[in-house]
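See structure below.
The values are calculated or read from the model by the stated rules, or taken from the named source; none is laboratory data. What you see is a predicted model, and the numbers here were worked out from it, not measured in a lab. Virtual Cβ from ideal backbone geometry, glycine too; neighbours counted across all protein chains shown.
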Amino acid sequence: MLRRLAVLAAMLVALAACSPRYNWREVPVAAGAVSAAFPDKPETHRRTLPYDGGSVEFYLTAAQVGDTLFAVGYAPWPAAMRGDAAKQAAFGRAVLSSLYRNLDTAPPAQLPGFGQRFAIDGRSPKGPARMEARLWLFPDGLVEGLVTASAHSYPRHEADEFFRTLVPKQEH
């Protein structure tokens, strides 16, 4: 009996070592436009993206657990888009379309609405992938939340937790 307990304990330790650890922490992101709980310490990266003859600054705050990425992106409106709802919506639709193309999937004729959670099943360089996302247009910029992982190991419960805590402070 003691031997069985030792084998069971060893199996549990091995299983725990293979399971991703989630250490949730709430963080204000996107220049305070939203708050989100990340499953690990997030890092923020900035890059400049070309768009419509100009450029847009883009900030990505993300945490990775195993092969799953939890992220919030933020693009403050450049001067040419401030106060122009049509240009902001066009940029939002371009970002939505790019999420589909990033998973090697054609965007649908009817894109998801702003603020609506949606899923994309496609392919990444590593194989079948799934992404769930939500995108908002705010007076100060665009905010997107997303979870992406291998289609075979997509963490449904953890994605639900991330999106439950992704709380906008204002909507456009």
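Residues in region 137-148 that are more than 17 Å from Pro112 (Cβ to Cβ) and either modelled with pLDDT of 95 or more or buried (at least 22 other Cβ atoms within 10 Å of the Cβ) (or both): 1 in all.
Matching residues to (1) surrounded by 19 or more Cβ atoms within 10 Å (Cβ to Cβ); (2) under 24 Å from Ala36 (Cβ atoms):
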{"residue": "Gly73", "(1), (2)": "yes, yes"}
{"residue": "Lys87", "(1), (2)": "no, no"}
{"residue": "Ala94", "(1), (2)": "no, yes"}
{"residue": "Asn102", "(1), (2)": "no, yes"}
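Can you tell me which of (1) aliphatic (A, V, I, L, M); (2) modelled with pLDDT of 95 or more; (3) crowded, with 19+ Cβ neighbours inside 10 Å is the one Ala151 doesn't meet? (3) is the only condition that Ala151 fails. May I ask you to verify whether Thr61 is of a type in the set (Val, Ile, Thr), closer than 19 Å to Glu158 by Cα and touching a residue at least 40 places away in the same chain (Cβ under 8 Å)? No: the conditions fail for Thr61. Of all residues assigned to region 70-86, at least one qualifies as being part of a helix (DSSP H, G or I), out of contact with any Ser or Thr (no Cβ under 8 Å at 6 or more places or on another chain) and modelled with pLDDT of 90 or more. Looking only at region 123-136, residues that are surrounded by fewer than 19 Cβ atoms within 10 Å (Cβ to Cβ) and either in contact (Cβ under 8 Å) with a residue 40 or more places away in the chain or part of a strand (DSSP E or B) (or both) come to 5 in all. Checking each residue of region 98-108 against the condition of being in a strand (DSSP E or B) and acidic (Asp, Glu) gives no match. Can you tell me which residue is modelled with the highest pLDDT among those in region 1-47 that are exposed (fewer than 11 other Cβ atoms within 10 Å of the Cβ) and polar (S, T, N, Q)? The selected residue is Asn23. Consider only pairs whose beta carbons are under 6 Å apart and that are at least six residues apart or on different chains; among these, list those whose first residue lies in region 91-110 and is within 18 Å of Gly54 (Cβ to Cβ) and whose second residue is of a type in the set (A, V, I, L, M, F, W, C) and not in a loop (DSSP other than H, G, I, E, B). These pairs meet every condition: Gly92/Leu137; Gly92/Leu142.
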